[in-house]
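One structure is given below, encoded as structure tokens.
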Amino acid sequence: MMLWFVLALMTVAAAFAVLWPLARRAPLPTGSDVAVYRDQLDEVERDRAAGLIGDREAEAARVEVSRRLLAAADADAPAPSVDGRRWRRGVALVALLLLPLGTASLYLKLGSPSVPGEPQFARDETPTEQRPMAELIARVEAHLEENPEDGRGWEVLGPVYMRLGRYDEAVNARRNALRLLGSTAEREADLGEALTGQANGIVTADAKQAFERALRLKSDDYRSRYFEGLAAEQDGRPKEASEIWRKLLAGAPKDAGWTGFVRDSLARVDPAAAAAVAPPPGPSAGDIAAASELTPEQRAAMVEGMVSRLAERLKQDGTDADGWVRLVRAYMVLGDKDRARAAADDARQALAKDPDKLRHINEQIRNLGLEG
């Protein structure tokens, strides 16, 4: 209500500013002033000829009297007629009434007077479900503008920028975190990953140096080893890339969620090695032979039983990222997208505290075409 009152007050003030000069009555011109100033010019000329004033004084006097003469001549211009003044005031009054009424009608039609205000950053093509994240990012950014030496703040922003694909800002955030908090294998690998994202997936010279620093601090840092192999592949050394990735898979923990994308990368340069190193578990040869002797109904029941057992095991221990992938894929094969989505949600919840496994499961779910 207060907003509408302020807008109405502003409209009245604007109307007054327009109507006030139109309402003023113009001064009545008089021709006597012009005659007086002309006589003064003649008098100045006579005084100069008689030697009463010098040339400089005479010139100054002529300039001043001429200025007054021009002003008086302008005043003698014909004043607007009564009809002209009425027409002009009528047009101004109509415009003054139509302008606020027209703008108010347009706003009520196209605007949203009942929608509460919100910051511009939250309106700029930000989906509703992402607005809490956008607001959180804006708060952290505002905090860092006032406290640019807060290394923890930069470290918090780095992964968020990476997830949003804002790689330039991610590089800046991770450089600041390194500068303020010191070098660790994880921070160096973070910087290398951001630099690679900034270069559209190319492991640049700066990124290589960051990964090398990380490996000097922690020789088994899996991210740095992976990108070391990726750099070798991009440099035209597939055998070296294969060797790096095979060693990485050989030493991987059984429950490591990152083995899937390393195996996929290995398959690009050495398919045979990828098949030989930690192949994804599946039914045994005996299971396949037994299934071939069953009726379609029996095979369906057997598959359903295997899927149910896998789901039950994952309820007991949800740390197996590859197991979750198999479960989601099995539901997709069975044509049950609802259960596939439910399994994907359960997987995300179970792996929420493990960023690597969570990233892996999200990639696999996207590959299955389940999202969207």
Practice problem: Residue by residue through the stretch 331-349, note down the ones that are surrounded by 20 or more Cβ atoms within 10 Å (Cβ to Cβ) and either out of contact with any Leu (no Cβ under 7 Å at 6 or more places or on another chain) or under 14 Å from residue 366 (Cβ atoms) (or both). | Solution: 331, 340, 344, 347
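Within the stretch 344-368, work out how many residues are assigned to a loop (DSSP other than H, G, I, E, B) and either touching a residue at least 12 places away in the same chain (Cβ under 8 Å) or hydroxyl-bearing (Ser, Thr, Tyr) (or both).
If we filter the stretch 344-368 for residues that are assigned to a loop (DSSP other than H, G, I, E, B), which is where we start, we get 351-354, 368.
Next, only the ones that are either touching a residue at least 12 places away in the same chain (Cβ under 8 Å) or hydroxyl-bearing (Ser, Thr, Tyr) (or both) stay: 351, 354, 368.
Residues meeting the conditions: 3.
Residues that are assigned to a helix (DSSP H, G or I), at pLDDT 80 or above and touching a Pro at 6+ places or on another chain (Cβ under 9 Å): does the stretch 284-295 have at least one? Don't jump to the end; show me each part of the working.
Narrowing the stretch 284-295 to residues assigned to a helix (DSSP H, G or I): 285-292.
After this cut, where a residue has to be at pLDDT 80 or above as well, the list is none.
No, there is no match, as no residue in the stretch 284-295 is assigned to a helix (DSSP H, G or I), at pLDDT 80 or above and touching a Pro at 6+ places or on another chain (Cβ under 9 Å).
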Exercise. Give the residues of the stretch 187-211 that are under 20 Å from residue 258 (Cα atoms) and exposed (fewer than 14 other Cβ atoms within 10 Å of the Cβ), sorted by residue number.
Key: 201, 202
Quiz item: Would it be correct to say that residue 152 is modelled with pLDDT of 65 or more and within 24 Å of residue 199 (Cα to Cα)?
Solution: no
Quiz item: Of 252, 278, 267, which residue is at pLDDT 85 or above, surrounded by fewer than 20 Cβ atoms within 10 Å (Cβ to Cβ) and in a loop (DSSP other than H, G, I, E, B)?
Solution: 252
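Does residue 318 count as assigned by TED's automatic domain parsing to the domain that holds residue 361 and at pLDDT below 80? Write out each step before concluding.
On the way: assigned by TED's automatic domain parsing to the domain that holds residue 361: yes; at pLDDT below 80: no.
So residue 318 does not fit the description; no.
The values are calculated or read from the model by the stated rules, or taken from the named source; none is laboratory data. Remember, predicted model here, so these are calculated numbers, not experimental data. Cβ coordinates were reconstructed from backbone atoms using ideal geometry, including for glycine residues, and neighbour counts include every protein chain displayed.
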